[in-house]
Amino acid sequence: MKEGDLSVHLKTAVVGAAAALALVLSGCGKKDEAIKIGHAGPLTGPVAHLGKDNENGVRLALDEANAANIMLGGKKATFAMQSEDDQADPKQGPIVAQKLVDAKVAGVIGHLNSGTTIPASKIYHDAGIAQISPSATNVTYTHQGFKTAFRVMANDAQQGKVLGDYAVHKLGAKNIAIIDDRSAYGQGLADEFEKAAKAAGGQVVTREFTGTDKTDFNAILTSIKGKNPDLIFYGGMDSQSGPMMKQIKNLGIGAKFLTGDGGQTAEFLKLAGDAAEGAYASSPGVPLDKMPGGKAFAEKYKAKFNIEIQLYAPYAYDAANVLLEAMKKADSTDPAKYLPILAGISYQGVTGNVAFDENGDIKGGSISLYQAKGGKWEYLDTVGG
Amino acid sequence: MDIFLQQILNGLVLGSVYALVALGYTMVYGILGLINFAHGEVVMVGALVSLSVVELLLGTNLGLPAPLLGVVALVVAIGVCMALGFSIERIAYRPLRRAPRLAPLITAIGVSILLQTLAMLIWGRRYHTVPALIPPTPHAVAGATITNVQILIIVVSALIMAGLMGLVHFTRLGRAMRATAENPVVAGLMGVNINRIISATFMIGSALAAVAGVLVSSNYGVAHYYMGFVLGLKAFTAAVLGGIGNLPGAMVGGLLLGLIESLGAGYIGDLTGGFLGSHYQDVFAFLVLIMVLVFRPTGLLGERLSERA
């Protein structure tokens with residue numbers, strides 16, 4: 001998940017909170033022994049619409065499982081979701097994680113942001129419950145030695161590698177300038193990019209730095225201009241890369257511009273305006289219409305919730321289904337029994353084949369590349385997957 | 001050479017804005033001995049108000065020409081910011097004028113947070129795109145490039161600063177301001193309406209902040225509720241660098257800080273063989289500030305600080 005600041009969708013937030021409340025209330029009244037599956041993500045605040053989107057993905061998977069009459073341990077299994085709001089706040093991540101653990105959920109889908117996913121993962125690990133994040137991409141999450149942490153989306157290291165390769169081999173870059181914003185995401189991505197670009201035979205002529213609160217890049221861009229690179233890579237968010245793109249054009253720098261998923265947004269196109277034309281950016285995963293089950297999923301989603309998919313719902317749906325599949329194969333909802341099966345699973349989901357490596361990262365996670373053309377992101381290619 | 005010239009131009013553009021904002025800090029300090037930490041937020045309000053006006057006017061399809069649109073937005077932003085500056089002083093600082101120095105300082109920080117949060121509620125957390133009313137056509141100057149907006153920033157800042165110097169030194173209001181700065185009690189006894197002069201100072205400073213906000217947001221094409229914080233901090237640094245309370249000092253400090261930042265970020269990596277990178281840009285700027293404060297605590301042009309403190 002990107003760390004970007006999205007617009008406030010107050011309505012979505014209110015609906016989300018109300019839905020979460022209704023869910024908690026309805027959960028109190030019932031006495032049946034439904035198997036609880038946890039979901040955690042921001043249901044209020046600026047990225048509430050994305051959190052709700054993930055929640056919908058999980059709900060769809062659970063409803064389908066309930067309709068399919070799955071038998072676990074000789075009994076018909078009913079699944080119920082317990083959805084918690086982490087407000088995309090790293091402080092709230094562990095708090096809602098503890099709440100889910102105390103509620104004895106059988107497994108958790110979430111969280112949405114890397115910032116909440118990482119601190120929460122320790123709680124799930126200590127409780128021995130499986131956690132599958134649909135959208136956290138920071139490498140650290142799966143590299144803490146936790147056997148309970150999984151993700152269904154390519155991480156920043158995988159993305160940086162693809163980008164470095166792509167810059168040298170497909171875009172023909174020989175002299176590369178790299179800028180990053182010194183954030184965990186931006187710096188991590190730029191480091192991986194640099195490694196891959198060098199390995200592919202590209203030369204890094206300069207490495208410059210900026211910050212997540214900056215809007216003036218003229219000084220570093222002028223310095224870059226003096227080194228005459230044929231490609232500039234930026235590791236960071238759209239709030240910087242948008243204005244940066246403008247300043248690149250104003251300074252008359254002719255180099256190609258490449259950035260990661262933090263810039264592959266509608267916001268980047270708006271902020272950069274005409275200057276965006278020709279910029280390249282990547283995004284983990286594949287666009288909905290290129291997913292093996294994308295079209296069918298979009299129709300199901302629309303029919304059930306009567307809104308469009310925002311972003312990561314297909315990944316949340318796959319994450320939930322992978323978890324259910326592991327439970328089915330283990331014939332148990334006991335994490336001790338299904339965790340080894342989950343680690344070795346191979347499942348054909350709507351986003352592609354889901355299988356995990358020894359860290360819990362998705363095997364061969366795919367990265368898609370886009371180019372800005374006529375005020376839109378045009379799909380170019382998918383690498384890996 | 002063209003790279004060096006480009007860095008100088010970058011520094012001048014950056015520095016002109018710092019100078020405009022620094023003037024607001026220094027004027028208030030000169031008269032009240034108060035560091036108005038909410039001043040950076042006034043810049044932000046100016047930028048966002050002008051943006052809203054432009055969006056509103058573009059939405060009405062009146063077909064106003066772009067320069068006129070810009071002027072209308074600027075005038076509205078100046079008006080709103082002057083009212084804001086007046087209100088801040090009236091509501092937050094005047095009741096505390098006789099309080100210990102720490103109280104208004106803390107209040108200023110409170111006002112800053114309040115304005116930021118209000119702006120977040122009104123305009124949202126999103127980064128707003130500022131429409132380019134002036135096409136950012138780059139011009140080539142001896143191998144370096146400068147855009148229309150950047151030329152405008154340098155010219156407008158220079159004109160405003162010249163105007164302000166004229167106002168302070170050659171008008172009745174200016175004389176009253178200088179008198180109040182020197183000794184408010186005596187100035188009051190001489191028939192100067194101190195409260196009115198202080199309000200006027202806040203309003204003039206806020207008007208400059210509004211202009212700075214409009215210029216900055218149209219230069220970078222972005223406006224955001226958080227944009228005033230860092231800019232305010234830099235401008236405050238510039239004011240201290242030049243000697244807080246001193247008008248020419250704020251201008252010199254602003255331009256100098258802009259040049260230091262630009263040249264620092266541009267050359268520090270090459271000069272240290274990549275040992276220090278451009279992320280030391282701010283470290284460099286603040287290092288200069290510390291050096292000045294250690295060796296010349298009154299700032300480069302300041303003389304007033306010692307007698308005030």
Taking a cut-off of 12 Å between Cα atoms, list the aspartates and glutamates near A:Lys290, but don't count ones fewer than 8 places away on the same chain. A:Asp381
Considering only B:Val156, A:Gln144, B:Tyr127, whose Cα is most displaced toward the positive end of the charge dipole of the protein assembly as shown, charges sitting on Cβ of Lys, Arg (+1) and Asp, Glu (-1)? B:Val156
Can you give me the Rg/Rh ratio for region B:149-207, using Cα atoms for both radii and the Kirkwood formula for Rh? 1.11
Hey, fewest Cβ within 10 Å first, where do B:Val111, A:Val47, B:Val72 land in order? B:Val72, B:Val111, A:Val47
Selection from A:Val322, A:Asn306, A:Met291 lying farthest towards where the dipole of region A:289-329 points positive, charges on Cβ: A:Val322
With springs connecting C-alpha atoms under 10 Å apart, model chain B as a Gaussian network and identify which of B:Gly245, B:Gly299, B:Gly46 has the largest mean-square fluctuation. B:Gly299
Computed over all unlike Cα pairs, the Kirkwood hydrodynamic radius of chain B in Å stands at 20.0
Most mobile listed residue (B:Leu247, B:Leu257, B:Leu289) in chain B, GNM with C-alpha springs under 10 Å: B:Leu289
Any idea how far the Cα center of region A:87-107 sits from the one of region A:353-373, in Å? 26
Semi-axis lengths, Å, region A:180-219, gyration tensor of Cα atoms, sqrt of 5 times eigenvalues: 22, 13, 5
Among B:Met161, B:Met291, B:Met27, determine the one that fluctuates most according to a GNM of chain B built with springs between C-alpha atoms less than 10 Å apart. B:Met291
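So for region A:235-346, what are the equivalent ellipsoid semi-axes in whole Å, largest first, each being the square root of 5 times an eigenvalue of the Cα gyration tensor? Present the calculation step by step, with values, prior to reporting the outcome.
Numbers: eigenvalues 325, 62, 23 Å².
After scaling each eigenvalue by five and taking roots: 40, 18, 11 Å.
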If you project the alpha carbons of chain A onto their three principal axes, what span does each projection cover, largest first, in Å? 70, 41, 37
Using only the alpha carbons of region A:63-165, determine the length spanned along each of the three principal axes and report them from longest to shortest in whole angstroms. 50, 31, 24
Residue mean of other protein chain beta carbons inside 10 Å, A:219-230: 6
Sticking with the crude label model, points 7 Å out along Cα→Cβ, report the distance from A:Leu171 to A:Asp63 in nm, one decimal please. 4.2
Could you tell me the extents of the protein assembly as shown's C-alpha atoms along the three principal axes, largest first, rounded to whole Å? 97, 59, 55
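How big is Rg to Rh over region A:287-382, alpha-carbon atoms, Rh as the Kirkwood inverse-mean-distance radius? Walk me through the intermediate numbers first.
Values: Rg = 15.9 Å, Rh = 15.1 Å.
Taking Rg over the Kirkwood Rh, I get 1.05.
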Which loop-located trypsin sites (Lys or Arg not before Pro) does region B:42-101 contain, where loop means any DSSP state but H, G, I, E or B and the Cβ has at most 14 other Cβ atoms within 10 Å? B:Arg98, B:Arg101
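What is the magnitude of the charge dipole of region A:157-284 about its Cα centre, with +1 placed on the Cβ of each Lys and Arg, -1 on the Cβ of each Asp and Glu, and no other charges, expressed in debye to the nearest 20? Display every interim value, and only then the final one.
On the way: 14 positive and 15 negative charges, 84 e Å.
My answer is approximately 400 debye.
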Could you check how many percent of all C-alpha pairs in region B:113-270 are farther apart than 27 Å? 39
Could you tell me the distance between the Cα centroids of region A:114-157 and region B:1-70, to the nearest Å? 44
Sorted from fewest to most neighbouring beta carbons within 10 Å, what does the list B:Ile91, B:Ile244, A:Ile253 look like? B:Ile91, A:Ile253, B:Ile244
For A:Lys174, list the lysines whose Cα falls under 29 Å from its own Cα; do not include residues on the same chain fewer than 8 positions away. A:Lys2, A:Lys161, A:Lys195, A:Lys198, A:Lys214, A:Lys225, A:Lys227, A:Lys246, A:Lys249, A:Lys256, A:Lys373, A:Lys376
Give, in whole angstrom and from largest to smallest, the semi-axes √(5λ) of the equivalent ellipsoid of region A:174-278, with λ running over the eigenvalues of the Cα gyration tensor. 19, 16, 12
Let a ≥ b ≥ c be the square roots of the eigenvalues of the Cα gyration tensor of region B:1-126; is it rounded (a/c under 1.5), or, if not, prolate (a/b larger than b/c) or oblate? oblate
May I ask you to list the lysines whose Cα is less than 26 Å away from that of A:Lys76, ignoring any residue fewer than eight positions away on the same chain? A:Lys30, A:Lys31, A:Lys36, A:Lys104, A:Lys300, A:Lys304, A:Lys328, A:Lys329, A:Lys337
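A short reminder: the numbers here are calculations on the coordinates, not readings from a lab. From a predicted model like this one, the values you see are computed outputs, not experimental measurements. Virtual Cβ from ideal backbone geometry, glycine too; neighbours counted across all protein chains shown.
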